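Here's the structure we're looking at; comments come further down.
The values are calculated or read from the model by the stated rules, or taken from the named source; none is laboratory data. Computed from a prediction, not measured in an experiment: that's the story for all the values here. Ideal geometry is used to build each Cβ from the backbone, glycine not excepted, and the neighbour counts take in all protein chains shown. Quick note on the areas: whole protein, heavy atoms, side chains included, nothing else; ligands and nucleic acids left out. Shrake-Rupley method; radii C 1.70, N 1.55, O 1.52, S 1.80 Å.
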Amino acid sequence: MNGYHKATRFVTRIVVGSIIAIFFGKWVDEQLHTTPWIMIALLLYVLFGSLYLLIRETSKNG
């Protein structure tokens with residue numbers, strides 16, 4: 001897998017994951033009256049999860 005493909009997957013993961021985290025987190029926060037904590041937690045999960053996967057993929061495939 002070339003570098004361009006890895007970068008595209010990483011950006012797509014962050015963008016799509018962030019959009020899902022924002023909408024789902026906002027909905028859950030409204031249901032539980034915890035605005036904005038769950039949305040922030042989900043965004044951080046997406047960010048760190050994407051970074052973890054990027055590091056794992058780049059170290060494994062070198």
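Checking each residue in the stretch 28-44 for being more than 17 Å from Val16 (Cα to Cα), open to solvent by 70 Å² or more (accessible area, probe 1.4 Å) and at pLDDT 95 or above picks out Glu30, Gln31, Leu32, His33, Trp37.
Among the residues of the stretch 5-35, count how many are among the hydroxyl-bearing types (Ser, Thr, Tyr) and in a helix (DSSP H, G or I). Show your work before the answer.
So in the stretch 5-35, the residues among the hydroxyl-bearing types (Ser, Thr, Tyr) come out as 8, 12, 18, 34-35.
Now narrow it down to the ones that are in a helix (DSSP H, G or I): 8, 12, 18.
Residues meeting the conditions: 3.
Among the residues of the stretch 1-21, some residue qualifies, meaning at least one is touching a residue at least 60 places away in the same chain (Cβ under 8 Å) and either surrounded by 14 or more Cβ atoms within 10 Å (Cβ to Cβ) or within 30 Å of Ser59 (Cα to Cα) (or both). The C-beta contact set for the stretch 25-47 (first residue farther than 15 Å from Val15 by Cα, second residue open to solvent by 50 Å² or more (accessible area, probe 1.4 Å) and of a type in the set (Ser, Thr, Tyr), distance under 7 angstrom, 6+ apart or interchain) comprises Asp29/Thr35. One residue stands out among those in the stretch 45-59 that are among the polar types (S, T, N, Q) and over 8 Å from the mean Cα position of the chain (by Cα): the one that is most open to solvent (accessible area, probe 1.4 Å), which is Ser59.
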